[in-house]
Amino acid sequence: MTSSQNGTCWVALSDRGIIEAAPPNALLHKGLFVLELALPLQNASLLLNHQAQDGWPRTFAIFHDPASGIVLLHRQGKSVARHVLPGPLPQGRGTARLSFQFDAPARHWSLSFELLTADPPQKAESHGNNPLPLPLADMQALCSTPPSDSAVLWFGLTRGTAPPGAAPWIGLRTPIETSLGPIAAGNLRPGDLVLTADRGPLPLLACERLALPARGSFAPVLLRAPFFGQTADLLVSADQLVTTRGPETEYLFGCDAVLMPAGALTDGRTALSDQRRAVTGSVALNLGGPALIEADGCLLAIGHDAAQDLPLRRLHHYEVLTLMTLLGRAPRRAA
């Protein structure tokens, strides 16, 4: 089963292995390898290292040096490709993303290093010719081996030219109110009647199971009970919209309830950035349009996109900060 979003999908993820069905000897001739790292990277290190001798010698290794930059070494038999991103690279604290895009038929590759938590964003790039195709068996072996450096948060491979975009999802154990009572989101099936706060009972059209990175820029959010109306902690994506209501909302925005992205709520106490695992199982529910569903007393907005109206006003990040400050739980800035 693939995890697809925005027209692209993950072929493989660290700690999970190959996700899509493929023959054991399959080659990926073009795609994108993504690696996210915890900064700062202060010393020279071997970030990833796969060596194989079965059949023919193969290597897929990534080296980092603060001064000289990034080197990706890819070997298949007598063919050796050395891809270099010269340093010095952007530095700071937070999360960085290394992206290796390769197209063997077109004989082109690019390597980029981006500091995701910088404002403004900082990015370094290099380009070259003649990359090698990537054997999926080697990727499976790489995913099954612990990274060589603890700075590695996660890595993955996609057939697209960009990582699958972040999108709203909820944890598999999240209890969703239905006509039969609360049912864990992972146990819902198409046809189940989901109770919504704004549109009444609606049949579930689709329930897509996802396997997604759960660290770095894709880290989910743990909403702590009882701060958002629920009796137990809830795991949601950083992009999941959460409802809040009360006199503070009425005072600031002139409406009884508003929507806030969960990622804007992380304050280290009432909402946590949960990076305990590299990959998380989750689910995206489709009710045919935007709706407010109840998860253990917490209202979540699902099924919306840029072309659809939300059932409630969505706050901007600066508005969330103002509201949370008034509530006495302002989000902390990432270090």
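FYI, it's all coordinate maths here, none of it is from the lab. Keep in mind the model is a prediction, meaning the values are calculated, not measured. Note: ideal-geometry Cβ built from the backbone for every residue, glycine included; neighbour counts use all protein chains shown.
Overview of values
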{"item": "Calculated Rg and Dmax of the chain using C-alpha coordinates, Å", "result": "21.8, 70"}
{"item": "All Cα pairs of region 200-249, percent lying beyond 14 Å", "result": "68"}
{"item": "Trypsin sites (Lys or Arg not before Pro) lying in DSSP loop within region 194-280, provided at most 12 other Cβ fall within 10 Å", "result": "R269, R276"}
{"item": "Positive-end residue of L321, L111, G191, charge dipole of the chain with Cβ unit charges", "result": "L111"}
{"item": "Cβ-defined net charge surrounding I293, 13 Å radius [Lys, Arg +1; Asp, Glu -1]", "result": "-4"}
{"item": "Trypsin sites (Lys or Arg not before Pro) restricted to DSSP loop in region 37-143 with at most 15 other C-beta within 10 Å", "result": "K78, R93, R107"}
{"item": "Dipole of the chain, positive direction: furthest Cα of G254, T280, A301, with charges on the beta-carbon", "result": "T280"}
{"item": "Dipole magnitude of the chain about its Cα centre (Cβ charges: Lys, Arg +1; Asp, Glu -1), debye to nearest 20", "result": "840"}
{"item": "Sum of side-chain charges, T95 neighbourhood, beta-carbon under 10 Å (Lys, Arg +1; Asp, Glu -1)", "result": "+1"}
{"item": "Angle in degrees between helix 317-326 and the longest Cα principal axis of the chain, rounded to the nearest 10", "result": "50"}
{"item": "For region 100-172, diffusion coefficient by Stokes-Einstein and Kirkwood Rh (Cα), 25 °C, 0.890 mPa s, µm²/s", "result": "162"}
{"item": "Region 78-218, Rg to Rh (Cα coordinates; Rh as Kirkwood inverse mean 1/r)", "result": "1.10"}
{"item": "Euclidean distance of C-alpha centroids, region 97-144 and region 204-275, integer Å", "result": "32"}
